[in-house]
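Scroll down for the structure; my scribbles are underneath it.
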Amino acid sequence: MSSLAASASYPHRHLLGIEGLSAAEITHLIDRSELFVSQNQGADKKGGSLRGRTIINLFFENSTRTRTSFELAGKRLGGDVINMSVEYSSMKKGETLIDTAMTLNAMNPDVLCVRHPESGAVKLLSDKVNCAVINAGDGTHEHPTQALLDALTIRRRKGSLRGLVVAICGDVLHSRVARSNIALLNTMGARVRVVAPRTLLPTAIDRLGVEVFHDMKRGLADTDIVMMLRLQTERMAGSFVPSIREYYHFFGLDYAKLAVAKPDALIMHPGPMNRGVEIDSEVADDIDRSLIRQQVEMGVAVRMACLEVLAENLTTRNAAAVEAGR
Amino acid sequence: MTRVALANARLFDPATGRDTPGGLLIVDGRIADLGPALFADGVPEGAEAIDCAGRLLVPGLIDMRAQLREPGNEHQENMATASQAAVAGGITTIVCLPNTDPVIDDVALVEFVRRRGRDIGLAHIHPYAAATKGLAGKELTEMGLLAEAGAVGFTDGTRAIANAGIMRRALSYARTFDLLLVQHPEEPTLSHPGGMNEGEIATRLGLPGIPAMAEVVLLERDLRLVELTGARYHAAHLSTAGAVEAIRDAKRRGLPVTCDTAPPYFALNETAVGDYRTFAKLSPPLRSDGDRRAIVAGIADGTIDAIASDHAPHDQDSKRLPFSSAASGIIGLETLLPLVLELAHQGDVPLARALAAVTAAPAGILGLDCGRLAVGAPADLTLIDLDRPWRIAVDRFRSKSKNSPFDGRPVQGRAAMTMLGGRVVHRVAD
């Protein structure tokens, strides 16, 4: 695929969120990801399309899994990957974030993969740099590569996303994964439900194009995909939900609740899982139904595709700039 | 098959408006048939016949708010003495507050209360569970599991859920399972350290007052949170005109809101405190006569759905103290019926409305399968001697505690017989 074709299919400089992307743009990213899946399963995992490129993983929030996934993705494309962990608590907000961005910008990186505990912080940073920025999760806003890897995982098993009934269950209130997935699934023609106690749902969630349920058996009835979310137990403390045992009793995914879903319904979880809190261990480990391992695998491929597409766009832009300056 | 035939009664059912002479047949603890012509050909063979002598046969009273003090303070009351007091007062269902020791905030305690009630076998006892752990107002209880175990609603009892954020979350969480939240509407930062109604009398007595606004402010806040969350909300023991008006307005706006009051708030006013009488110290406090009249009007027009005894037994040690130090609350199980009837006798409230407030209304609010005279309903019944005059004499009460400001008050009407599931659990010798 030529770089010009790529820029035509994903004409954005950054990947800040799913919101606002078209079905064609999403499809393009997933299609590109597909190419890397088999490469990653082979013995020689290394390509060269990012040779000479510098990718900085800038994480203001701890995340071993996502950071490793981005790191592997960059290295498998032959890029130079640097991990920067910034102790958020030691950092002042606003100006200092921009200071960090300016400092990094001066080092001329090509792609920044940024995770930040505050919604919108990645967008703010992207406005200040010349390189491409990938949102690796900002606050409770978006986590676009997670939604893309979920979409790739589903598509590989179900063929298409169109018409599927997907239930997103659990702590939607604090979940950026849920927001990105709702946007993506709606754009791709799936029917989305959210299932949670009212205290774990944001206001006006129904306006995001989802059906709202507060009862697992009703919410899971005839679903194709059940996406469980991590209950952020540190936020629980008796205020959002009273206890783990109550939460598990009413909202934990076990075979009894899953029985009302379609017989071939698949289970997903962005990880890390709380076994016995939001999901029963047996269900999580059910190789016929659980896609949780595949999600992790798809994650690397999706991040490779995103890095490559953005790097290509950057080349096109630079070429265009040179052309314009001539 | 056990059959009981109640003949020659005045069938009076506030739920349906039925008021007719007739009979009622009980088969295996449930109402099998009723009507004017039921025993025209005589009482069926093999049935135990009871002659009601034309007295009023109503659904057994449901008291939706009582403190039973068990577990933890059995020297003040226990479930057995409370049950005896209840059935003597025509009450067949008691809903008890969770402010026991330990607090009813755990599944095992809900099960304990229900089992004790069943073992005693005089009246049905349903518990409310605490809305927050330990009634501390900070962390929600396991509402879903507690409801499955038999809690009929959630409340912090005699304490308001004061923190607006916690209240919002409690309502929101309760709505998930369509559970009822019951509030003691009193803003603690306004009521503390008061002991009686704020006003002229408190000023004269030199007692710190509790403004009527303490009730109104918290209630108005809650009603806005109900608007936000859509949860079922019940305000307990309203005492002020402002609160009645707030509920009236909320109902007009279609909010899922109900409320109750208790006899002292329509039968007494703040003058009862008189000479520092601690038996007239209540929470909320007895209010002005204008408030009292507004409560009566609220009952009459149905703004106030229910009347509860608000039974709060205290021993002498808790009451024989300087006014400010004395405990709040009075007993009420055995005075509920005569004081409710007083509303009708005085012509303030129609009899059917007054009795609906202690039968059909609380049953509806709590979702209980009782409170009506209907085929299939449990035969929890009260036979009322409507006009019989008597004088309230606390020393004859079954309740362990005797703290009542109504001692000596002449009243009219009492429970002549009380039946639970077709079984006579109380009967007055004529």
Check: So B:E342 fits all but one of (1) surrounded by fewer than 23 Cβ atoms within 10 Å (Cβ to Cβ); (2) closer than 24 Å to B:L282 by Cα; (3) not assigned by the TED database to the domain that holds B:D315; what number is the exception?
Finding: (3)
Check: Is it true that B:L190 is outside any loop (DSSP other than H, G, I, E, B) and more than 14 Å from chain A (Cβ to nearest Cβ)?
Finding: yes
Next item on the list: Please state which one of B:A202, B:A241, B:A236 is buried (at least 22 other Cβ atoms within 10 Å of the Cβ) and either away from chain A (no Cβ under 13 Å) or not hydroxyl-bearing (S, T, Y) (or both).
Entry: B:A236
Next item on the list: Filter region B:393-428 for residues that are among the β-branched types (V, I, T), outside any helix (DSSP H, G or I) and crowded, with 18+ Cβ neighbours inside 10 Å and give the result.
Entry: B:V411, B:T418, B:V425
Check: in contact with an Asp or Glu (Cβ under 8 Å, 6 or more places away or on another chain) and surrounded by 18 or more Cβ atoms within 10 Å (Cβ to Cβ): does that describe A:A147?
Finding: no
Notebook entry, point to check: Which residues, counting only those in region B:398-410, are closer than 18 Å to B:P264 by Cα and within 19 Å of the chain's Cα centre (by Cα)?
Noted result: B:S399, B:S401, B:K402, B:N403, B:S404, B:P405, B:F406
Check: In region A:35-78, which residues are of a type in the set (V, I, T), in contact (Cβ under 8 Å) with a residue 24 or more places away in the chain and closer than 22 Å to A:R293 by Cα?
Finding: A:V37, A:T66
Margin query: Please verify whether A:V172 is under 16 Å from the mean Cα position of the chain (by Cα), within 14 Å of chain B (Cβ to nearest Cβ) and either modelled with pLDDT of 95 or more or closer than 24 Å to B:R168 by Cβ (or both), treating the condition exactly as stated.
Written below: yes
Item checked: Residue within region B:195-218 that is closer than 30 Å to A:Y248 by Cβ and either assigned to a loop (DSSP other than H, G, I, E, B) or not aliphatic (A, V, I, L, M) (or both) present -> no
Next item on the list: Give region B:123-173 a look and list any residue that's over 17 Å from the mean Cα position of the chain (by Cα), within 24 Å of A:D215 (Cα to Cα) and among the polar types (S, T, N, Q), or say none.
Entry: B:T132, B:T141, B:S172
Margin query: From the list B:T16, B:T2, exactly one residue is polar (S, T, N, Q) and closer than 18 Å to B:T359 by Cα. Which is it?
Written below: B:T16
Note to self: Within region B:242-249, does at least one residue satisfy the condition of being part of a loop (DSSP other than H, G, I, E, B), touching a residue at least 12 places away in the same chain (Cβ under 8 Å) and either over 19 Å from B:P185 (Cβ atoms) or assigned by the TED database to the domain that holds B:L179 (or both)?
What the structure shows: no
Notebook entry, point to check: If A:I244 satisfies every condition in (1) among the hydrophobic types (A, V, I, L, M, F, W, C); (2) more than 25 Å from A:G137 (Cα to Cα); (3) modelled with pLDDT of 95 or more but one, which is the exception?
Noted result: (3)
Item checked: Total residues in region A:245-256, condition over 24 Å from the mean Cα position of the chain (by Cα) and more than 14 Å from chain B (Cβ to nearest Cβ) -> 3
Item checked: When residues of region A:175-193 are limited to those that are among the aliphatic types (A, V, I, L, M) and under 16 Å from the mean Cα position of the chain (by Cα), the one farthest from the other protein chains (Cβ to nearest Cβ) -> A:M188
Next item on the list: Test B:L381 against the criterion of being at pLDDT 95 or above and under 30 Å from B:A32 (Cα atoms), and give yes or no.
Entry: yes
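Residues are listed down the side, and each one gets a yes or a no for (1) over 25 Å from the mean Cα position of the chain (by Cα); (2) within 14 Å of chain B (Cβ to nearest Cβ); (3) farther than 19 Å from A:T68 by Cα:
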| position | (1), (2), (3) |
| --- | --- |
| A:P263 | yes, no, yes |
| A:E278 | no, no, yes |
| A:D288 | no, no, yes |
| A:V296 | no, no, no |
Note to self: Residue under question is B:G254, and the condition is that it be more than 22 Å from the chain's Cα centre (by Cα) and assigned by the TED database to the domain that holds B:T335; does it hold?
What the structure shows: yes
Check: Of all residues in region A:194-209 being away from every other protein chain (no Cβ under 12 Å), surrounded by fewer than 22 Cβ atoms within 10 Å (Cβ to Cβ) and not small (G, A, S), which is farthest from A:A261 (Cα to Cα)?
Finding: A:R207
Note to self: Residues that are more than 30 Å from B:A231 (Cα to Cα), among the hydrophobic types (A, V, I, L, M, F, W, C) and in contact (Cβ under 8 Å) with a residue 12 or more places away in the chain: list the strands (runs of 3 or more DSSP E) wholly contained in region A:110-212 that include at least 3 such residues.
What the structure shows: A:111-116, A:132-138
Check: What is the one condition in (1) touching a Leu at 6+ places or on another chain (Cβ under 8 Å); (2) not assigned by the TED database to the domain that holds B:A151 that B:A85 does not satisfy?
Finding: (2)
Checklist line | Residue that is farthest from the other protein chains (Cβ to nearest Cβ) [pool: residues in region B:126-181 that are assigned to a strand (DSSP E or B) and buried (at least 24 other Cβ atoms within 10 Å of the Cβ)] | finding: B:P127
Checklist line | Every residue from region A:230-262 that is farther than 24 Å from B:G165 by Cα, assigned to a loop (DSSP other than H, G, I, E, B) and in contact with a strand residue (DSSP E or B) (Cβ under 9 Å, 6 or more places away or on another chain) | finding: A:G252, A:D254, A:A261, A:K262
Item checked: Failed item in (1) surrounded by 15 or more Cβ atoms within 10 Å (Cβ to Cβ); (2) of a type in the set (D, E, K, R); (3) outside the structural domain of B:D260 (by the TED database), with B:R65 passing the rest -> (3)
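The values are calculated or read from the model by the stated rules, or taken from the named source; none is laboratory data. For clarity, every value in this text was computed on a predicted model and none was experimentally measured. As a convention, Cβ positions derive from the backbone with ideal geometry for all residues, glycine included, and neighbour counts pool all protein chains shown.
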